[in-house]
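Novice: Just dropping this structure here.
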């Protein structure tokens, strides 16, 4: 943790360790080599290739470790930044300039003082009202932990179908990957065509492409409900 001696130096905290976080931490240390730069990440890993994760699922990349570019020891050695993985930020006190953090492994709680705070937590999957995120077969794909969980489920349960909600870039990429490994894909979208933020000509081309791949696109769904069982 941050010691009293370290408090004499500038404390720069970065929350989030995927891509932007490590970049910000390394930059902060270069700008002020005397600063105490600490990066906090809620998952097991830092500096991972988010865009490459679907290719691990498809098998084109044979090991998820190949898309982890730094571990925390290597990052500290090369960049001079202290890393805490499996540490979740619970609250930020802007008045006292402290954040409250819990160690997800043992439940220990800490307060970290800061002079500068940089938030690089990224996006969060939208939660649907009737969908319990604790279902054993419901996933998001944001980090390596999610990737490992999906891989384990596919290996153990050998699902025959997958329902993907949302046909933006991530939804389309996931649909293509699951289809490539022989899982029947149902792609649900509230708009009538996929990739709704693109031009209509592009949407039609994408629809034609996914239909040729036997991915079943279901557009125009405004409300989706789920049965309250362990498996939905």
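We did not get these values from a lab; they are worked out from the coordinates using the rules stated. Note that the coordinates shown come from a computational prediction; the quantities given were computed from them, not determined experimentally. Don't worry about glycine lacking a Cβ; one is built from the backbone with ideal geometry, like all the others, and counts go over all protein chains shown.
Novice: Run the numbers on region 159-219 and let me know its relative contact order in percent, using alpha-carbon pairs under 8 Å that are six or more apart.
Specialist: This gives 35 percent for region 159-219.
Novice: Continuing with the same structure: Output the peptides 97-104, 72-79 sorted from most to least packed, where packing is the average of other Cβ atoms within 10 Å over each peptide's residues.
Specialist: 97-104, 72-79
Novice: Continuing with the same structure: Taking Rg/Rh (Cα atoms, Kirkwood Rh) as the quantity of interest, determine which of [x] 0.99; [y] 1.01; [z] 1.04 was computed from the displayed structure.
Specialist: Identified label for the calculated read-out: [z].
Novice: Mind ranking 8-16, 144-152 by how tightly packed they are, going by the mean number of other C-beta atoms within 10 angstrom, highest first?
Specialist: The packing order, highest mean first, is 8-16, 144-152.
Novice: Also: Round to a whole angstrom and tell me the spacing of the C-alpha centers of region 154-175 and region 29-93.
Specialist: 26
Novice: Treating the angle as unsigned and between 0 and 90°, give the value, to the nearest 10°, between the Cα long axis of helix 200-212 and the longest Cα principal axis of the chain.
Specialist: Between the helix axis and the principal axis of the chain, the angle is about 70 degrees.
Novice: Output the relative contact order of the chain, whole-number percent, from Cα pairs under 8 angstrom with separation of 6+ residues.
Specialist: Details: 377 pairs, mean separation 39.5, N = 232.
Relative contact order here is 17 percent.
Novice: Turning to a different aspect of this structure: On C-alpha positions alone, give me the angle between the axis of helix 169-180 and the longest principal axis of the chain, in degrees, nearest 10.
Specialist: Orientation of helix 169-180: about 60 degrees from the principal axis.
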